[in-house]
Every structure is written in structure tokens, then in C-alpha cells.
């Protein structure tokens, strides 16, 4: 009877410790995993944003851009946050992935393409401007010579088509600017013809 009781107690203790072992080896608190974020997910081409990773493993951390490894880090202690300065090398949508141990997490950074404007157009004609690689949910405001003429919000595809109405331009040289959520302002000059 005592042998069975001791054997059962030994089995219970062994199962208890085997259940605790994975938690003790965990690189971060239970219930939290690897996290990645961008300081800004909308970045002007040739500008930068910081990518932050938290809840890391003790081993090597890798950052990849669109599937191609770009940077490695070797933290001295598990759980220490690592950051990396990301410079978009072209306008586009960039999927940035961090891998630590067996976990991978991704975030997306957008770098808008500069709008293509007509060099000259009749002030009596409307024209369309296609915007690409705009972070979803970004409000874009268009001004002509300082006057707001249109607004739109980027959808999940990161595309916006803005219509500049007739008579928005003056005759002569006009300044057409696109403001991306107060983060990026870009545009150019358009000559208004009769």
C-alpha cells in the first residue's frame, strides 16, 4: 500500500516538474510573444523609420525585408528590445519580418510614390492623379496654390485616385501639393493654360 502511494506521489511530482520546465525556459513572460512595430508605417522615400522588436529570445534575431534578411542582432539577455533603422530604398510597400527563436512577426511600412502631375493643362479641364503605396487609413489632402481642393483616405490596397476639378488651377504656374496625414508633403508645379 505504501509502495503504491509513494509511486503515485513520485509520478505526480514528476508530472508537475515536467509541466513547469517549459515555462522556466521561456524567454519572456507566459502569455506574451515576440512583438514588432514601426515608429511610423508611412515613410518618405530616402527617409527612415525605426523598427522595434520586443520579447526576444536569447539567440540571434534577424530582420528581413520582403523575405530577404537585412540585419542580425545578438542580444546578451532574453527579452531585451532591439531596434533597427529602416531606410526604404524605393517607393513601395515593405513587409518587415523579425525572427527570434521559433517565432516570426511582421509589420508593413509604406513609402509613397511621388504623384505624377501633368506639366501643363487647360484650367477648364479636370485631371486625375493616382497615388500609390499610401498606408491604409491615411488621410490625403490636396491643395492648389494653398487652397484645399480635395481629400481622400487610403484603402487597404494603398491606392488613391484624386480628381482635380476644372477651374482649380489658375492660368500660369500653380503649386499642387499632397499632404499624407501631416507626415509627408509632396507635389509639384503645373502650368494652367487657357
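Throughout, read-outs are computed from the coordinates displayed, never taken from laboratory work. This one's a predicted model, so the numbers in the text were calculated from it and none came from an experiment. Here Cβ is always computed from backbone atoms with ideal geometry, including for glycine, and neighbour counts include all displayed protein chains.
Computed on the range 24-176, the Cα convex hull volume stands at 123 Å³ per residue.
Note on residue 119/residue 66: beta-carbon distance plugged into 1/(1 + (r/R0)^6) with R0 of 41 Å gives a FRET efficiency of 0.75. Per the Debye formula on identical point scatterers at the alpha carbon atoms of the range 31-111, with no solvent, log10 I(q)/I(0) at q = 0.20, 0.21 Å⁻¹ is -0.80, -0.88. Computed extension length for residue 194-residue 151: 12.9 nm, one decimal, from 0.36 nm per residue of separation with the Cα-Cα distance subtracted. For the range 120-193, the Kirkwood hydrodynamic radius comes to 12.5 Å, computed from all pairs of different C-alpha atoms.
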